[in-house]
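Encoded as structure tokens, the structure appears first; notes follow it.
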2 protein chains.
Amino acid sequence: MKGLGLSELKPTVLKIGGSVITDKGEELKVRMQAMNRLAEEIRDAGVQNLVVVHGGGSFGHPLAQKYAIREGFKEKVNRVGFSETHHVMTVLNGLFMDALIWRNVPAVSITPSSCIITKNGRIQCFEDAPLRMLLKMGFLPVLYGDAVLDKELGFTILSGDQLVSVLATMFNAERIIIGVDVDGLYDADPKVDKNAKMFKHLTLDELKELQSKLDKSKTYDVTGGMFGKIVELLPATKHGIPVIIVNAAKPGYVQKVLEGKKVKSTLVEKE
Amino acid sequence: MKGLGLSELKPTVLKIGGSVITDKGEELKVRMQAMNRLAEEIRDAGVQNLVVVHGGGSFGHPLAQKYAIREGFKEKVNRVGFSETHHVMTVLNGLFMDALIWRNVPAVSITPSSCIITKNGRIQCFEDAPLRMLLKMGFLPVLYGDAVLDKELGFTILSGDQLVSVLATMFNAERIIIGVDVDGLYDADPKVDKNAKMFKHLTLDELKELQSKLDKSKTYDVTGGMFGKIVELLPATKHGIPVIIVNAAKPGYVQKVLEGKKVKSTLVEKE
């Protein structure tokens, strides 16, 4: 247990999008079947040195929006709102932990707000000693997007995507796998545009070119929010960590990617 | 929010025993009515600068025992046991958080295993920045006895009582309130011995005298486990922090003590 640097472990960081494990159409509605299936895929892939991060979906997002948690502490009413937003995230996380542990996966959740403080929304302090120990001991640490304390704003929302990027860079991850509810990164939103084309492979340069194109239509993210996620992951990509975007709503896809097998996906690499 | 030391806040640390909020006679059985009542008492007392710590009762204890978590990491099977023990504690904590937040208390749980590492069972690292910020912002931080990582043992059990003592000393607490399922500290177990006499007031010297008497019957704790709790709190008492032991199973007692009113209880003071 001693003397082993985490950079030697080169963990895989797997993000499970909130839209995969919850139904975004209805508040506090979990997709238990998807959660159970993903727990099985994670168990069956048997990847060593894995860190899982999940999103908030219909648990965290509606409350965060209702109480404007991202904007910070303003009045007493949004103080209870912060409590509530964090609490529902622990409930969603608890359901996922249940699915994993029930299947004999030695998973341990790490509560972001208990060990991370942000400054203007960006991670500033991260007490990662428990996370490092868990990985070294062969546990599966699970984190999630959370309502966290912020040195400037009082509190704010820490997205699962920022967490993934920072974790991967801190721990010199081997790869980042982003499990979402579409097949990859498209040039338009595949849920509304039937002609949307999926990218199979993108380099940093190609991504920057794409970004300048997308920036022309600044009012909204034409890729259905996917491009925003990728931008959050750019620091990790620059660090040389490949990012694989895969459909986690389709059975077996996450497991295959974890096992290093090829499935329909978008691969983003430094060059 | 800035520049205010926590020693100026002088928080009250309230421990709620696992035997109060769970039924120790049945595994994973919560006493929801007691939990709801205590949430109301905490809300109605309206104490500023309060930290709550709760025990594990029939959630944490049976699993911790089954997998011998206190003895540390031994084999793969007790690794999943660690996951399970921590997980059920988060479930119990979640029920309590629900009871508090539902009643508009701005409570935020702090996961001990996410910010504390022990060494041979004693707290060695404690990243307390989130806890400090929560208190300064007027939140009610809630912690609990937990399965935590340990630098020597791999992992172990951190009791709520050790947590209370360390928190109170770190934060120079005004007082410690220990809510249990009996009226105070007795010279024998009041649940089995009808002639057991309750102490109303004890100084450190009197406590030491009592300890030497109790040590003569070393095989078990004749006070029904209560004396062991008090010994854990001795460092805080030596620090000058008064400890009030009160019956949290009796409606209104915790609220009255929080409000500074007199109820049947045992007061332990330095001198």
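Summary table
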| quantity | calculated |
| --- | --- |
| Solvent-accessible surface ranking, highest first, for B:113, A:212 at 1.4 angstrom | A:212, B:113 |
| Solvent-accessible heavy-atom area per residue, rounded to whole Å², over the protein assembly as shown at 1.4 Å | 42 Å² |
| Qualifying aspartates and glutamates (Cα of each under 20 Å from Cα of residue B:208; at least 8 residues distant if same chain) | B:161, B:187, B:189, B:221, B:232, B:269, B:271 |
| Pair residue B:250, residue B:103: separation of 7 Å Cα→Cβ label points (nm) | 1.9 nm |
| Of B:29/B:229; B:238/B:264; A:10/B:29, those spanning more than 31 Å from alpha-carbon to alpha-carbon | A:10/B:29 |
| Candidate residues B:27, B:41: accessible-area rank, largest first, probe 1.4 Å | B:27, B:41 |
| Proximal lysines relative to residue B:119, as straight alpha-carbon distance under 18 Å, when same-chain residues fewer than 8 apart are discounted | A:2, A:136, B:74, B:151 |
| Accessible surface of segment A:1-120 [probe 1.4 Å, protein heavy atoms]: carbon and sulfur percent | 48 percent |
| Protein accessible surface hidden between A and B, which excludes ligands and nucleic acids, total in Å², probe 1.4 Å | 3300 Å² |
| Span per principal axis, largest first, for the Cα atoms of segment B:1-118 (Å) | 46, 36, 18 |
| Nearest-0.05 FRET efficiency for residue B:270 and residue B:192, computed from C-beta distance (R0 25 Å) | 0.20 |
| Surface accessible to a 1.4 Å probe, residue B:186 within the full protein complex, Å² | 30 Å² |
| Solvent accessible area, Å² - residue A:115, 1.4 Å probe, full protein context | 10 Å² |
| Gyration tensor verdict on chain B (Cα atoms; rounded if a/c is under 1.5, prolate if a/b is larger than b/c, oblate otherwise) | rounded |
| Dipole of segment A:159-271, positive direction: furthest Cα of A:201, A:263, A:234, with charges on the beta-carbon | A:263 |
| Beta bridge orientation in segment B:25-171: antiparallel %, DSSP, nearest 5 | 55 percent |
| Gain upon complete extension [residue B:48, residue B:124; 0.36 nm per residue less C-alpha separation] | 24.5 nm |
| Segment B:117-210: GluC sites (Glu not before Pro) in DSSP coil with no more than 14 other Cβ atoms inside 10 Å | B:152 |
| Volume per residue that the Cα convex hull of the protein assembly as shown spans, once the total is divided by residue count, Å³ | 149 Å³ |
| Accessible surface ranking that places the most exposed of A:132, B:122, A:79, B:43 first, with a 1.4 angstrom probe | B:122, B:43, A:132, A:79 |
| Cα-based Kirkwood hydrodynamic radius, segment A:116-256, one decimal, Å | 16.7 Å |
| Probe 1.4 Å - accessible area at residue A:96, Å² to nearest ten | 0 Å² |
| With eigenvalues of the C-alpha gyration tensor scaled by 5 and rooted, segment A:96-187, Å | 22, 19, 14 |
| Value at 222 nm in deg cm²/dmol, rounded to 500, when DSSP H runs of n ≥ 4 in the protein assembly as shown each add -39,500 (n - 2.57) | -12500 deg cm²/dmol |
| Calculated from backbone phi, Karplus (6.51, -1.76, 1.60) coupling profile of segment B:151-158 in Hz, x at Gly/Pro | 4, 9, 8, x, 8, 6, 9, 9 |
| Percent of beta bridges antiparallel (DSSP, chain A, rounded to nearest 5) | 35 percent |
| Potential extension, residue A:28-residue A:204 segment - 0.36 nm per residue separation minus Cα distance | 59.7 nm |
| Dipole magnitude of the protein assembly as shown, debye to nearest 20 (Cβ charges: Lys/Arg +1, Asp/Glu -1, about Cα centre) | 20 debye |
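The values are calculated or read from the model by the stated rules, or taken from the named source; none is laboratory data. Only a predicted model underlies this, so the values are computations on that prediction, with no experimental measurement involved. With ideal geometry, Cβ positions are generated from the backbone for all residues, glycine too; neighbour counts draw on all protein chains shown. For accessibility, only protein heavy atoms count, side chains too; no ligands or nucleic acids. Shrake-Rupley method; radii C 1.70, N 1.55, O 1.52, S 1.80 Å.
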